[in-house]
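Student: What follows is a single structure, and I will ask about it in a moment.
The values are calculated or read from the model by the stated rules, or taken from the named source; none is laboratory data. Bear in mind that the values here come from a model prediction, so they are computed numbers and not experimental data. Please note: Cβ atoms are built from the backbone with ideal geometry, for glycine as well, and neighbour counts cover all protein chains shown. Surface areas here come from the heavy atoms of the whole protein model, side chains and all, with no ligands, DNA or RNA. Shrake-Rupley method; radii C 1.70, N 1.55, O 1.52, S 1.80 Å.
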Amino acid sequence: MAKENKNELMEKIVSLCKRRGFVFQGSDIYGGLAGTWDYGPYGAELAQNIKDLWWNHFVREQENIFGISTPTIMPESVWRASGHLSGFTDPMIECKKCHHRFRADHLDKKYLDSKKCPDCGGELGEEKAFNLMFPLNMGSSSDSVAYLRGEIAPGMFVNFKNILDTIRPNLPFGLAQIGKAYRNEIAPRDFLFRVREFDLMEFEFFLKEGDWEKYFEFWRGEMWRWIERVGINKEKVFELEVSKEDRAHYSKRTIDFEFEWPFGRKELYGLAYRTDYDLKKHSESSGVDLSYSDDVTKEKFIPHVIEPSMGHGRTMLAVLVSSYVEDEMNGEKRVYLKFPPKIAPIKVAVFPLLKNREELVEKSKEVYKILKKEFSSVEFDDNGNIGKRYRRQDEIGTPFCVTIDFETIEKDNTVTVRDRDSGNQNRVSLDEIVVYLKEKIK
Ligand code: GAP
């Protein structure tokens, strides 16, 4: 696809997200805060469904992953030990005239060579390492400095001993969480792709050093399975073996899962072998022994770690890009989001064929109540003609529309169930509708 078309696709997705109440600019009525986004009702449902599916896939359906939840604020000592205060940086260049800041590694070579600002033509300053952590002053004492977490992993490392002492798991096992991370990005951009506040879905998988390659491969496979399950087009995902120079300070091997975004091929997820770096550092720094004792061999050692890390906002965006379809139906152009039913914000919409026929409306409300009880995310709509109602639901990705018509009432108690992607309609008995839809939505 040509570059213009690709950017056009991005504009269409951003516009649909705003128009249909998925995503708005953060603090919009105050002019917007760069790098923050608010989720409206459909966006919040989609976001939650993705988190639930992730939790099922990587926590509940696994035998040895435990979910935890830890605060977004952690003290300076944690970040000093983890290396974030010194190493969690991006290269930054500031214009001496307009003071706009740029990521040096994202700046076009012509600006780097000429030292000219792309925005005002002023002179660019020297490259500096810019730390991405957000500091906070806590409470009344001036020396209690804390930070909003730049990654969620330390929450898992500082709880390693708590989990050993209470749950008593054997290696290998994982600690997972979903939660906010904050990064003072120099140049947030590309909608949900690079933001300053985002949810991360990740886990630390603790193991014996000799097992790391086996489990690296295992979780690599599970990440591919997840990519397919959540509705990301896997034809657009590519693995990149990250070079030593580009790896994070804690990693001995990293694979990036890159996605073909409308604005270019860039990172979607990461899979890293963090060795015993973090547990060792936190053990040394806190003075608490974070080693594991093997009951069978009686060995005592600091476990090594494999870390699959998946950005939630990037998942949302990759799902939106993968789901966005334009086609023609009954001679009309239409747009639909072909979400897997499991993550669709609305699972079923219920319509009376005509708004002004009391018997149809009454029966539709009855059906709506039954389906609402079963599937929760169900909408009732009697606004405008039926074609328009279908289009509205297509645009928000509702997989099934149920219409109550005269046949329902006068003939055989059946309704039409319209399939979003094909537009095909089946007549289904109201006695079987719940089972029929459950089978399709599971
Ligand atoms: N614990 C490892 C870690 O945090 P990372 O590569 O820095 O690794 C993990 O980030 C994931 O978080 C990325 O693969 C990406 O999906 C997401 N991510 C990173 N920075 C982001 C940002 N500024 N905005 C949105 N998502 C981001």
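Student: Cross-chain or 8 or more residues apart, Cα under 15 Å: how many lysine pairs in the stretch 83-145 fit that? Count them up, please. All intermediate terms of the calculation are to be shown ahead of the outcome.
Tutor: Working: K96/K115; K96/K116; K96/K128; K97/K115; K97/K116; K115/K128.
Final tally of qualifying lysine pairs is 6.
Student: Among the listed pairs K18/K388; K161/K208; K234/K372; K266/K342, which are separated by more than 25 Å between their Cα atoms? Walk me through the numbers before you get to the answer.
Tutor: Values: K18/K388 19 Å; K161/K208 16 Å; K234/K372 33 Å; K266/K342 27 Å.
Too far apart for the 25 Å limit: K234/K372; K266/K342.
Student: Here's something else I'd like to know. If we restrict to alpha carbons, what Rg and Dmax does the stretch 35-138 come to, in Å?
Tutor: When restricted to the Cα atoms of the stretch 35-138, Rg and Dmax are 20.5, 58 Å.
Student: What is the magnitude of the charge dipole of the stretch 256-353 about its Cα centre, with +1 placed on the Cβ of each Lys and Arg, -1 on the Cβ of each Asp and Glu, and no other charges, expressed in debye to the nearest 20? Mind showing how you got there, number by number?
Tutor: Details: 13 positive and 16 negative charges, 72 e Å.
In debye, rounded to 20, the stretch 256-353 gives about 340.
Student: Shifting gears a bit: How about the chain: what cysteines have no other cysteine beta carbon under 4.7 Å from their own?
Tutor: C17, C401
Student: While we're looking at this one, here's another question. Excluding ligands and nucleic acids, what accessible area in Å² is computed for L164 using a 1.4 Å probe, to the nearest 10?
Tutor: We get 30 Å² for L164.
Student: Another question, if that's okay. Over the alpha-carbon set of the stretch 264-378, work out the extent along each principal axis and list the three values in angstrom, largest first.
Tutor: Largest first, the stretch 264-378 extends 76, 39, 27 Å along its Cα principal axes.
Student: Explain nothing, just the number: dipole magnitude of the chain about its Cα centre with +1 on each Lys and Arg Cβ and -1 on each Asp and Glu Cβ, in debye rounded to the nearest 20.
Tutor: Details: 68 positive and 74 negative charges, 132 e Å.
The dipole of the chain has a size of about 640 debye.
Student: Still on this structure, I have one more. How large is ³J(HN,Hα) for each residue in the stretch 111-121, as worked out from phi by the Karplus curve 6.51 cos²θ - 1.76 cosθ + 1.60 (θ = phi - 60°), to whole Hz, x for Gly and Pro?
Tutor: The phi angles translate into 6, 5, 5, 7, 6, 9, 5, x, 8, 10, x Hz.
Student: So for the stretch 90-167, Kirkwood radius off the Cα pairs, Stokes-Einstein at 25 °C and 0.890 mPa s: how many µm² s⁻¹? Could the numbers behind the result be given before it?
Tutor: Values: Rh = 15.9 Å.
D = 154 µm²/s.
Student: Ordering F301, F22 by accessible area with a probe of 1.4 Å, largest first, what comes out?
Tutor: Numbers: F301 45, F22 0 Å².
Ranking F301, F22 by accessible area, largest first, yields F301, F22.
Student: Where q = 0.11, 0.19, 0.21 Å⁻¹, what log10 of I(q)/I(0) comes from the Debye formula for the stretch 128-224, counting one point per Cα?
Tutor: So the normalised log intensities work out to -0.50, -1.07, -1.13.
Student: My understanding is that a pair violates if its Cα-Cα distance is over 26 Å; which of K333/K411; K12/K338; K236/K281 do that in this structure?
Tutor: On the way: K333/K411 34 Å; K12/K338 15 Å; K236/K281 37 Å.
Result: K333/K411; K236/K281 exceed 26 Å.
Student: Kindly give the semi-axes, whole Å and largest first, of the ellipsoid equivalent to the stretch 174-236, taking each as the square root of 5 times a Cα gyration tensor eigenvalue. Numbers along the way, then the final one.
Tutor: Working: eigenvalues 142, 65, 23 Å².
Output for the stretch 174-236: semi-axes of 27, 18, 11 Å.
Student: When the Kirkwood radius is taken over all Cα pairs of the chain, what Stokes-Einstein diffusion coefficient follows at 4 °C and 1.567 mPa s, in µm²/s?
Tutor: Working: Rh = 24.7 Å.
Estimated via Stokes-Einstein, D reaches 52 µm²/s.
Student: Going by amide H atoms built from the backbone, whose H comes under 5 Å of the H on R196, apart from near neighbours?
Tutor: Amide H neighbours of R196: T36.
Student: Something else about it: Would you mind finding the longest exposed-site-free stretch of the chain, with exposed GluC sites (Glu not before Pro) meaning DSSP loop and at most 13 other Cβ atoms within 10 Å? Walk me through the intermediate numbers first.
Tutor: Working: sites that count: E61, E63, E126, E299, E432.
Longest gap between qualifying sites, sites excluded: 127-298.
Student: Next up: Grab every C-alpha pair in the stretch 66-122, bin the distances at 10 angstrom width from 0 up to the longest one, and report whole percents.
Tutor: Result returned by the calculation: 19, 31, 20, 21, 8, 1.
Student: Next question. So what J values fall out for the stretch 415-431 if you push phi through Karplus, 6.51 cos²θ - 1.76 cosθ + 1.60 with θ = phi - 60°, rounded to Hz, Gly and Pro as x?
Tutor: 10, 8, 10, 9, 8, 4, 6, 8, x, 5, 10, 10, 8, 10, 5, 5, 5
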